[in-house]
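The structure appears right after this line, and notes come after that.
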Amino acid sequence: MRKIESISSGRVSKNKENIISLLKNKNKSLPTKYLYDDLGSKLFEEICDTEEYYLTRTEKEIIDQYSMDIIDTSCAQEIFELGSGSSKKTKRLILNALENNDNVTYFSFDISAKALKMSYNQLRKISNKLHIRLIKGDFNNDLNILSSSKKNRLYMFLGSTIGNFDDIQAKKFLSDISNIMKENDSFLLGVDRVKDEKIIKMAYNDKKGITGKFNKNILNVVNKEYKLNFNENNFAHNAKYNVQKSQIEMYLEAITQQSIILPNKESLDINIGDKILTEISRKFSEKTLKMLFNKSALVPIKCYTDKKNYFSLYLLKAKKYF
Ligand code: AVJ
């Protein structure tokens, strides 16, 4: 097994005070990153294979069709994937990069060691001209300490993970990328688009109930992290589309009256119907994206889209070099 490099800016990501205030708030929520522990990452892979979840399939289709153009346009010698998950979609891009270069380095950056292992197993046999580096880190805190290189680097943030961030977080994340980008670097961003509400809603309410399992798993993760006493059987999966904000809001809705003992030993009453927000998943329009890129000092060079206009990949450059 390949060695996993760990990086951390030292900023505390575990924060008891924070979790207490998030749960005591009238609008309760849990930090989305706790969905993606090892089991969560595995369940997410299963979601990607459901009939209803069009995102992964569509994005892969776009990549397979335009991969060579993406590699040619970016002149990529290195591929740096943030939140890489299993790296299944990335294979084509790596193969094309290998066609243009004697050797290629692929950096897989993820918060889950399990995801990094899946990524390595997915790619290890591709070619001995491919160097794979596995980096465990939190892309909300650790981007500014990434090492750079003289090679042309293609940063990638796929799967519409950007949709999990509210406007402020998205701007911070994209600005961080724009800041670390050098003149010959590029950035490939995958975004889910605004579309028929029914199609979006179905994608987050699959018939097999895998999304529900994925959602409830967050309770086991925070139970472990903060010694809490959530019971996933006391909650129902609830994912609804907020038309005004163009976003899916994924909640856990209490189906029994219950008490949670918080890390400060305070007891928190949860009533039937109370909802805990676990994830938002924004769907983007052209206008929102333009504003977001502009605020983050990024310039779109190309936009690749599928026939139905469900999903897009943007190839971006840092504005400072224009
Ligand atoms: C991995 C964050 C892009 O928002 O669509 C899938 C996660 N949540 N089903 C998404 C997810 C519920 C997914 N992202």
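The values are calculated or read from the model by the stated rules, or taken from the named source; none is laboratory data. Computed from a predicted structure; not experimentally measured. Positions of Cβ are backbone-derived with ideal geometry, glycine not excepted, and every protein chain shown enters the neighbour counts.
Of the residues making up segment 28-53, just one is within 16 Å of Lys136 (Cα to Cα), near the ligand (Cβ under 10 Å from one of its atoms) and in a loop (DSSP other than H, G, I, E, B), namely Tyr36. Residues satisfying the criterion are present in segment 97-115 (criterion: modelled with pLDDT under 95, away from the ligand (no atom under 16 Å from the Cβ), in a helix (DSSP H, G or I) and not charged (D, E, K, R)).
Looking across segment 213-261 at every residue that is among the small types (Gly, Ala, Ser) and under 21 Å from Ile272 (Cα atoms), the one that is farthest from the ligand (Cβ to nearest atom) is identified as Ser259. Contact annotation: residue pairs with Cβ atoms under 7 Å, 6 or more positions apart or on different chains, pairing a residue in segment 307-322 that is among the small types (Gly, Ala, Ser) with a partner that is in a strand (DSSP E or B), are Ser312/Val191; Ser312/Arg193; Ser312/Cys303; Ser312/Tyr304; Ser312/Thr305; Ala318/Leu298.
Yes/no per residue for (1) touching a residue at least 12 places away in the same chain (Cβ under 8 Å); (2) crowded, with 21+ Cβ neighbours inside 10 Å; (3) within 22 Å of Lys317 (Cβ to Cβ):
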site	(1), (2), (3)
Phe107	yes, yes, yes
Lys129	yes, no, no
Arg133	yes, no, no
Asn140	yes, no, no
Asn144	yes, no, yes
Ser149	yes, no, yes
Met156	yes, yes, yes
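Name the strands (runs of 3 or more DSSP E) wholly inside segment 185-288 in which the number of residues that are in contact (Cβ under 8 Å) with a residue 24 or more places away in the chain, touching a helix residue (DSSP H, G or I) at 6+ places or on another chain (Cβ under 7 Å) and surrounded by 17 or more Cβ atoms within 10 Å (Cβ to Cβ) is 1 or more.
186-192, 235-242, 247-254, 258-261, 275-282
In segment 158-170, the residue that is nearest to the ligand (Cβ to nearest atom) out of those that are surrounded by fewer than 17 Cβ atoms within 10 Å (Cβ to Cβ) and in a helix (DSSP H, G or I) is Gln169.
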